[in-house]
Amino acid sequence: MYLIIRCENCATFSYIDRFQKWKLCPVCGETMQRGSVQEYIEVENHHEADAVIVELERYLHQNNRENLTAEETGKLRAVYARLVARSTSW
Ligand SMILES: [Zn+2]
């Protein structure tokens, strides 16, 4: 499982293994520390993490927004949970 996080310095979305405590930002090199950076959503694997990040960036860009509200983060989690349920139930 991976967590989608965001660099506090340059606002780049990234992801981190749920057992990792920190990760360096691939863009600016800032340390992204669990508990200090915002955690958006937990996903199954890094392919899904990449896909969610693309969607997040597209959504924010389209709406000319800096960040998600707590409500939008909640919606994102609900949508993702439905997608996972669909792909794993035969
Ligand atoms: Zn950064």
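Every number in this text was worked out from the coordinates using simple rules, so none of it is lab data. All values derive from a computational prediction rather than experimental measurement. Glycine gets a Cβ as well: all are built from the backbone with ideal geometry, and neighbour counts include every protein chain shown.
Can you sort 17, 50 so the residue with the fewest Cβ neighbours within 10 Å comes first?
Fewest to most other Cβ atoms nearby, the residues stand as 17, 50.
Under a crude label model (7 Å from the Cα following the beta-carbon direction), how far is residue 30 from residue 87 in nanometres?
For residue 30 paired with residue 87, the spin-label model returns 2.9 nm.
Evaluate the charge dipole of the range 2-88 about its Cα centre and quote only its size in Debye, nearest 20, assuming +1 on the Cβ of each Lys and Arg and -1 on the Cβ of each Asp and Glu.
Rounded to the nearest 20 debye, it is 160 debye.
On a 0 to 90° scale, report how tilted helix 46-62 is relative to the longest principal axis of the chain, with both axes built from alpha carbons and the result rounded to the nearest 10.
80
Can you show me the helix-derived [θ] at 222 nm for the chain, built from DSSP H runs with n ≥ 4 at -39,500 (n - 2.57) apiece and divided by the number of residues, rounded to the nearest 500.
-13500 deg cm²/dmol
Computed FRET efficiency, Cβ-Cβ of residue 60 and residue 21, R0 35 Å: what is it to the nearest 0.05?
0.85
When you count, for each residue, the other Cβ atoms within 10 Å and take the mean per peptide, how do 25-33, 8-16 rank with the highest first?
The densest-packed peptide leads the list: 8-16, 25-33.
For the chain, set up a Gaussian network in which alpha carbons nearer than 10 Å are linked by springs, and say which option among 38, 62, 20 fluctuates the most.
Highest fluctuation among the options: 62.
Measuring from the lowest to the highest alpha carbon on each principal axis, how far does the range 2-88 reach, largest first, in angstroms?
Each principal axis gives a Cα extent; for the range 2-88 these are 36, 32, 20 Å.
Would you mind checking which residues have amide H under 5 Å from residue 41's amide H? H placed 1.01 Å from N; only 5 or more apart, or other chain.
4
Which Cα, out of 83, 63, 24, lies furthest along the positive dipole direction of the range 2-88 (beta carbon charges, K/R +1, D/E -1)?
After comparing all options, I get 83.
Give me 86, 6 ranked fewest to most by other Cβ atoms within 10 Å of their Cβ, as a rough exposure proxy.
Lowest to highest Cβ neighbour count: 86, 6.
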